[in-house]
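Asker: Okay, handing you the structure first.
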Amino acid sequence: MGLRRMVYVIIKELSPSADEVIIVTSSLMKDMTSKTDMYRANAIRVLCRITDGTLLTQIERYLKQAIVDKNPVVASAALVSGIHLLQTNPEIVKRWSNEVQEAVQSRAALVQFHALALLHQIRQNDRLAVNKLVSSLTRGSVRSPLAQCLLIRYTSQVIRESTNDTQTGDRPFYDFLEGCLRHKAEMVIFEAARAITELNGVTSRELTPAITVLQLFLSSSKPVLRFAAVRTLNKVAMSHPTAVTNCNIDMESLISDQNRSIATLAITTLLKTGNESSVDRLMKQITNFMSDIADEFKIVVVDAIRSLCLKFPLKHRSLMNFLSNILREEGGFEYKKAIVDSIVILIRDIPEAKESGLLHLCEFIEDCEFTYLSTQILHFLGIEGPKTSDPSKYIRYIYNRVHLENATVRAGAVSTLAKFGAMVDGLKPRIFVLLRRCLFDNDDEVRDRATLYLNTLGGDGAVVETDEGVKEFLFGSLDVPLVNLENSLKNYDPSEKAFDINSVPKDVKIQPLAEKKATSKKPTGLGAPPPGPPSTVDAYEKLLSSIPEFASFGKLFKSSAPVELTEAETEYAVNVVKHIFDGHVVFQYNCSNTIPEQLLENVTVIVDASEAEEFAEVYSKPLRQLPYDSPGQTFVAFEKPEGVSAVGKFSNMLRFIVKEVDPSTGEVEDDGVEDEYQLEDLELVAADYMLKVGVSNFRNAWESMGVDFEHVDEYGLGPRDSLAEAVNAVINLLGMQPCEGTEVVPPNSRSHTCLLSGVYIGNVKVLVRLQFGLDGPKDVAMKLAVRSEDETVSDAIHEIVASG
Amino acid sequence: ESCPSIKNILLLDSEGNRVAVKYYSDEWPNNSVKEAFEKSLFTKTQKTNARTEDYVFNEVGGRVIPWIEPGRVSNEDLNTTEIAMFESHIIVYKFVQDLHFFVTGAENENELILVTVLQGFFDAVGLLLRGTVDKKEALENLDLILLCLDEIVDGGIILETDANVIAGKVASHSIDAAAPLSEQTISQALATAREHLARSLLK
């Protein structure tokens, strides 16, 4: 018997297909009707694992009988197999609805559970059916805790999908959920509490009973209960911190929980729910706690502290002290980097914290074991230090680095000293003295830098205004990309002629800041290299700057994503990239030839700009050859009025000479025929002039932008498919970057606020606040508030929306 | 998918090596991935206090059951089921002697449901191994353990959580009087003999 059972298990593991094991299936089918219940049950499970459609129809009769079998083991086996089979043969399983329905009424606890799961799966696309199912069961009796949990989940689903306004009294089925909070089984209580906390737009009144229950769990002796409760409360704290404050006392005692996950969750929750007065006490408790936990948990806590500080900027002193203290303790690189990043962000966003923050960083580098962090901090000091009220404070710290550290750090310190000297004229004499001492350093780089700075700053150390050029040199970014410079230097042969930096392909590196949205975990701290696709931007810049005719166009503002101008599977595939400059636009047509028997020569695009009056064609660069399967580019450049975001439609025609090629030999015929190929039109729209650049703290940016160039107006967007669709449409029309996750519209909302930011051509920062509301069933109304550094830009944004 | 689903059940020894495991999810596509998961999970949970010292089994009326003295706290409270988040899964676990039991679920799963599965598995193994829950016994009765795993979860869906029922489904065959002795394996034969002996002693 045991052997037979083991064979069943093996068959399931191997999962052969039905046609491979006819002998096995026939013996299994015999077992399926045997008198021994265990045989029947397990034979069913095995058969259903290896069956295919035809075999299934043969055994369907037995399966239907099994579902309503008296023996619960057999019934469960059939039901569970049904759930699995629903993935592969849904039409067959759906025919068993009646039997499954009957099984739902079974007195055997787990049979009801399995039947309920299967029935729900069968009916899940029919909202009304699910609704009926839930209604009848919530009034009836459900026997097993597992089935009750399922019911709670389905009830939540029904609540989510019901379109009632929550204004009209209680939600449907809320009473049922609340009643489950008093069930005998802990898993049901917890499932119900969790479901309540996850209700859409839940109110404090609705939350209260759930939180009370979770609070009790917090003090349970079982780690699993404490964990489940604190994890759920942590999530609630993100949206309803006030509702969770009652639990603070219990949570504080969890800080010393043996299970470190629980302790960390407790701390981060407290950090979210804490109010200003409790911050100090919290900090004291956390200090002891930090030494106990691993680095990965510590980083979580550091992030939470940073958010807390941004929420209560007045508390920056004690929070900054805390960060500085933990910075001094033992820890790995990632952990210390997280702390330093947090301090930098606080310095940036909370002006009052700048001085103390910089001092803390200075103290840190006195003892920092990570060269990377030291150099980044020195660089940061060089930028922020001179702007403070008393820059001389920092000099001592910086200069000490020159003595005590390794060469990399020393070199960084020298640069920083120079920056101080450049920006703060009063310090020049002292800086000169210090820099002169650096001339005797062991390391080449350090000496070179010292010499360089001494010369650029003016060798006599007088207190004079620093030349603007020098400031530009020290603080400005390098005019040419490092990669290009490196390549040019490598190619340079030392000779009579000096190396000419102008010969390096000059494309100024655009820093598409594109900071990650505030909802993601790590806002950029120190020296974060610009994320985003720098390789594509660089590639375009390199490409364009290698074409002499385009060199005079100036800085490349933006390159669009490729837009297809041909349909799929055509003979020639062409897409276009729109490059926007200040006074020009260049269309780069990427062409591919998919016909092996053809070679195209002298490929150009004839552009008809009659529907784009402000544009004048200035140059067209043909593509000499376009063989099979070897894509190439052709360019057309247009002049446009400077500073104006002109729009228009361009129709395109591909023109070329086509020569026959013998695919086997690769020989090309001498004679060619001129031909043309119509491409789709391309449009230049206002959004093309907008760079998606996010901001991490929208509110700060908004406040500091000021109302001088604010423009507010209201628009009716007419009937739309949904609020989310309207929001998306406007975001795409403007081409700006959504901030703080506001592009996501919660389901069933009747209103939504969306925050956008971007940089318009001319390097004008623009911030937009959109407020959407559902006016009636389908009509969407929108209020658009724009703030920017330039009035015309604010107006332009409104233009875009009005005409879009 | 609203149905509670189990991703894997693991039984490891005191060094993190496999005794018996069953995976129900495609997240671990091949054996080396699985073993890496087991090793790192084991390392992470090593230091915690999920050990059971005073768990008691007793034989009553020819059957072995977890013994709870009236008035004493339940066995549940004596031994600790611990919980952790690992690689964005929830893991509940329990140790006894040199065996480590783990059950894994998704991040958003109801933790208490995972615990019932763990407890069912743990208690059922205790019953099947007749109170001696250690690695040697487990290996000698590996067939029972594997059948036990088979009876608890089917393709990720919970089949049964009551330890007595699980053990009953597995063990009922070993003492099936109808099957001649020759059909049983040696260990099953010994088990049968033990059973008979115990019964006769208690009479």
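Asker: Determine the dipole magnitude for the range A:337-386: charges of +1 sit on the beta-carbon of Lys and Arg, -1 on that of Asp and Glu, nothing else is charged, the reference point is the Cα centre, and the result goes in debye to the nearest 20. Please list the in-between numbers first.
Answerer: Numbers: 3 positive and 9 negative charges, 37 e Å.
It comes to approximately 180 debye.
Asker: I've got another one for you. Enumerate the residues in the range A:232-264 having an amide nitrogen under 20 Å from the point lying 7 Å beyond the Cα of A:Asn288 toward its Cβ.
Answerer: A:248-264
Asker: Continuing with the same structure: When only alpha-carbon atoms count, how far does the range A:737-804 stretch along each of its three principal axes, as whole angstroms with the largest first?
Answerer: Extents along the principal axes, in whole Å: 40, 26, 15.
Asker: Over all residues in A:362-370, what is the mean tally of Cβ atoms on other chains that come within 10 Å of each residue's Cβ? All intermediate terms of the calculation are to be shown ahead of the outcome.
Answerer: On the way: counts 0, 0, 0, 0, 0, 0, 0, 0, 0.
Taking the mean over all residues of the peptide, I get 0.
Asker: By how many nm would the segment from A:Asn400 to A:Arg182 lengthen if fully extended, with 0.36 nm per residue of separation less the alpha-carbon distance? Walk me through the numbers on the way to the answer.
Answerer: Working: separation 218, 0.36 × 218 = 78.48 nm, distance 6.64 nm.
Fully extending the segment from A:Asn400 to A:Arg182 adds 71.8 nm.
Asker: Percent of Cα-Cα pairs per 5 Å bin, from 0 to the last occupied bin, for the range A:52-154, please list those.
Answerer: Whole-percent P(r) values from 0 Å outward: 2, 14, 26, 25, 19, 10, 4, 1, 0.
Asker: Can you give the Rg to Rh ratio for the range A:648-804, taking only C-alpha atoms and Rh from Kirkwood?
Answerer: Details: Rg = 22.6 Å, Rh = 18.3 Å.
My calculation puts Rg/Rh at 1.23.
Asker: Longer than 21 Å from Cα to Cα, which of A:Lys555/A:Lys640; A:Lys30/A:Lys64; B:Lys7/B:Lys135; A:Lys94/B:Lys169 are they? Say none if no pair is. Provide the component values of the computation, followed by the final result.
Answerer: Details: A:Lys555/A:Lys640 15 Å; A:Lys30/A:Lys64 16 Å; B:Lys7/B:Lys135 23 Å; A:Lys94/B:Lys169 30 Å.
B:Lys7/B:Lys135; A:Lys94/B:Lys169, as the Cα separations exceed 21 Å there.
Asker: Ok, one more. On a full-extension model of 0.36 nm per residue, what is the gain between A:Glu352 and A:Asp681, subtracting their alpha-carbon distance, rounded to one decimal in nm? Working shown, then result.
Answerer: On the way: separation 329, 0.36 × 329 = 118.44 nm, distance 5.45 nm.
Roughly 113.0 nm would be gained on extension.
Asker: In chain A, if the dipole is taken from +1 on Lys/Arg beta carbons and -1 on Asp/Glu beta carbons about the Cα centre, which of A:Gly382, A:Pro641, A:Ile547 is farthest to the positive end?
Answerer: A:Gly382
Asker: Given a Förster radius of 25 Å and the C-beta distance between B:Asp26 and A:Thr371 as r, what FRET efficiency does 1/(1 + (r/R0)^6) yield to the nearest 0.05?
Answerer: Working: r = 44 Å, r/R0 = 1.74.
Efficiency for this residue pair is about 0.05.
Asker: Which one of A:Phe364, A:Cys438, A:Thr408 is farthest out on the positive end of the charge dipole of the range A:364-458, using unit charges on Cβ (Lys, Arg +1; Asp, Glu -1) and the Cα centre as origin?
Answerer: A:Cys438
Asker: Taking the Cα centre as origin and putting +1 on Lys and Arg beta-carbons and -1 on Asp and Glu beta-carbons, what dipole magnitude results for the range A:664-778, to the nearest 20 debye? Present the calculation step by step, with values, prior to reporting the outcome.
Answerer: Details: 7 positive and 21 negative charges, 329 e Å.
Value, rounded to 20: 1580 debye.
Asker: What's the extension gain from A:Gln65 to A:Ala729 if we count 0.36 nm per residue and subtract their Cα-Cα distance?
Answerer: Numbers: separation 664, 0.36 × 664 = 239.04 nm, distance 5.38 nm.
Going from the current span to full extension adds 233.7 nm.
Asker: Could you work out [θ]222 nm for chain A from helices alone, using -39500 (n - 2.57) per DSSP H run of at least four and dividing by all its residues? Round to the nearest 500 deg cm²/dmol.
Answerer: Counting only the DSSP helices, I get -16000 deg cm²/dmol.
Asker: From the Cα trace of the range A:1-186, what convex hull volume per residue do you get, rounded to a whole Å³? Write down the numbers at each step before the final one.
Answerer: Details: hull volume 23.6 nm³, N = 186.
With only Cα atoms used, the range A:1-186 gives 127 Å³ per residue.
Asker: With r defined as the distance between the Cβ atoms of A:Asn700 and A:Gln625 and R0 fixed at 56 Å, what FRET efficiency is calculated, to the nearest 0.05? Kindly include the intermediate steps, with their values, before the conclusion.
Answerer: Numbers: r = 54 Å, r/R0 = 0.97.
My answer for the efficiency is 0.55.
Asker: A further question follows. If Lys and Arg each add +1 and Asp and Glu each add -1, what is the summed charge of the other residues whose beta carbon sits under 10 Å from the beta carbon of A:Arg95?
Answerer: On the way: positive: A:Lys64, A:Lys94; negative: A:Glu60, A:Glu91, A:Glu99.
Combined, the nearby Lys, Arg, Asp and Glu give -1.
Asker: With only alpha-carbon atoms counted, please give the Rg and Dmax of chain A, in Å.
Answerer: In order Rg, Dmax, the Cα atoms of chain A give 34.9, 107 Å.
Asker: Which residues does a label at A:Ser26 reach in the range A:39-78, if reach means a backbone N under 11 Å from a point 7 Å past the Cα toward the Cβ?
Answerer: What the label zone holds, given the 11 Å backbone N cut-off, is no residue at all.
Asker: Using +1 at the Cβ of each Lys and Arg and -1 at the Cβ of each Asp and Glu in the range A:688-803, identify which of A:Cys739, A:Tyr715, A:Met782 lies farthest towards the dipole's positive end.
Answerer: Going by the Cα projections, it comes out as A:Cys739.
Asker: Would you kindly calculate the translational diffusion coefficient of the range A:549-684, applying Stokes-Einstein with the Kirkwood radius from alpha carbon pairs, for 37 °C and a viscosity of 0.692 mPa s, and quote it in µm² s⁻¹ without decimals?
Answerer: On the way: Rh = 15.6 Å.
D = 210 µm²/s.
Asker: Could you work out the mean count of beta carbons from other protein chains within 10 Å of each residue's beta carbon in B:152-158? Mind showing how you got there, number by number?
Answerer: Numbers: counts 0, 1, 11, 9, 3, 10, 7.
Mean number of neighbouring Cβ atoms from other chains: 6.
Asker: Determine the sum of side-chain charges near A:Pro641: Lys and Arg each +1, Asp and Glu each -1, restricted to other residues whose C-beta is under 14 angstrom from that of A:Pro641. Let's see the in-between values first.
Answerer: Numbers: positive: A:Lys640; negative: A:Asp582, A:Glu613, A:Glu614, A:Glu639, A:Glu642.
With Lys, Arg at +1 and Asp, Glu at -1, the neighbours total -4.
Asker: Report the charge-dipole magnitude of the range A:85-137 in Debye, nearest 20, computed about the Cα centre from +1 at each Lys and Arg Cβ and -1 at each Asp and Glu Cβ. Before the final figure, lay out each step's value.
Answerer: On the way: 6 positive and 4 negative charges, 24 e Å.
Rounded to the nearest 20 debye, it is 120 debye.
Asker: Straight-line reach only, C-alpha to C-alpha below 25 angstrom: list the lysines that A:Lys336 could link to, leaving out same-chain residues fewer than 8 apart.
Answerer: Partners found: A:Lys272, A:Lys284, A:Lys298, A:Lys311, A:Lys315, A:Lys354, A:Lys393, A:Lys516, A:Lys517, A:Lys521, A:Lys522, B:Lys44.
Asker: Then there's this: When N counts the residues of the range A:210-259, how does its alpha-carbon radius of gyration compare numerically with 2.2 N^0.38 Å, as a ratio? Provide the component values of the computation, followed by the final result.
Answerer: Details: Rg = 9.9 Å, N = 50, 2.2 N^0.38 = 9.7 Å.
Dividing the Cα radius of gyration by 2.2 N^0.38 Å gives 1.02.
Asker: So, in Å, what gap is there between the alpha-carbon centers of the range A:273-297 and the range A:767-801?
Answerer: The distance from the Cα centre of the range A:273-297 to that of the range A:767-801 comes to 42 Å.
Asker: Next up: Using a Förster radius of 41 Å, what is the FRET efficiency between A:Phe333 and A:Glu198 based on their Cβ-Cβ separation? Nearest 0.05, please.
Answerer: Numbers: r = 37 Å, r/R0 = 0.91.
With R0 = 41 Å, the Cβ-Cβ based efficiency is 0.65.
Asker: Something else about it: Would you tally the net charge around A:Val658, using a Cβ to Cβ cut-off of less than 9 Å, leaving A:Val658 out, and scoring K and R as +1, D and E as -1?
Answerer: Numbers: positive: A:Lys659; negative: A:Glu601, A:Glu660, A:Glu674, A:Asp675.
Cβ neighbours under 9 Å give a net charge of -3.
Asker: Sticking with this structure for a sec: Within 10 Å of each Cβ in peptide B:111-119, how many partner chain Cβ atoms are there on average? Round it to a whole number, please.
Answerer: For this peptide, the per-residue mean of nearby foreign Cβ atoms is 5.
Asker: A follow-up question, please. Rounded to a whole number of µm²/s, how large is the Stokes-Einstein D of the range A:303-423 at 4 °C and 1.567 mPa s, given Rh as the Kirkwood radius over C-alpha pairs?
Answerer: Rounded, D is 90 µm²/s.
Asker: Okay, moving on. Would you mind ranking A:Lys621, A:Lys354 by Cβ crowding within 10 Å, fewest neighbours first?
Answerer: Working: A:Lys621 16, A:Lys354 19.
Ascending number of Cβ neighbours within 10 Å: A:Lys621, A:Lys354.
Asker: On to the next question. As I understand it, the value is the acute angle between the Cα axis of helix A:204-218 and the longest principal axis of the Cα atoms of chain A; what does it come to in degrees, rounded to 10?
Answerer: Relative to chain A, helix A:204-218 is tipped by roughly 80 degrees.
No lab work stands behind these numbers, since they all come straight from the coordinates. If you're wondering where the values come from, they're calculated on a predicted model, not measured in any experiment. Here the Cβ is made from the backbone with ideal geometry for all residues, glycine too, and neighbour counts use every protein chain on show.
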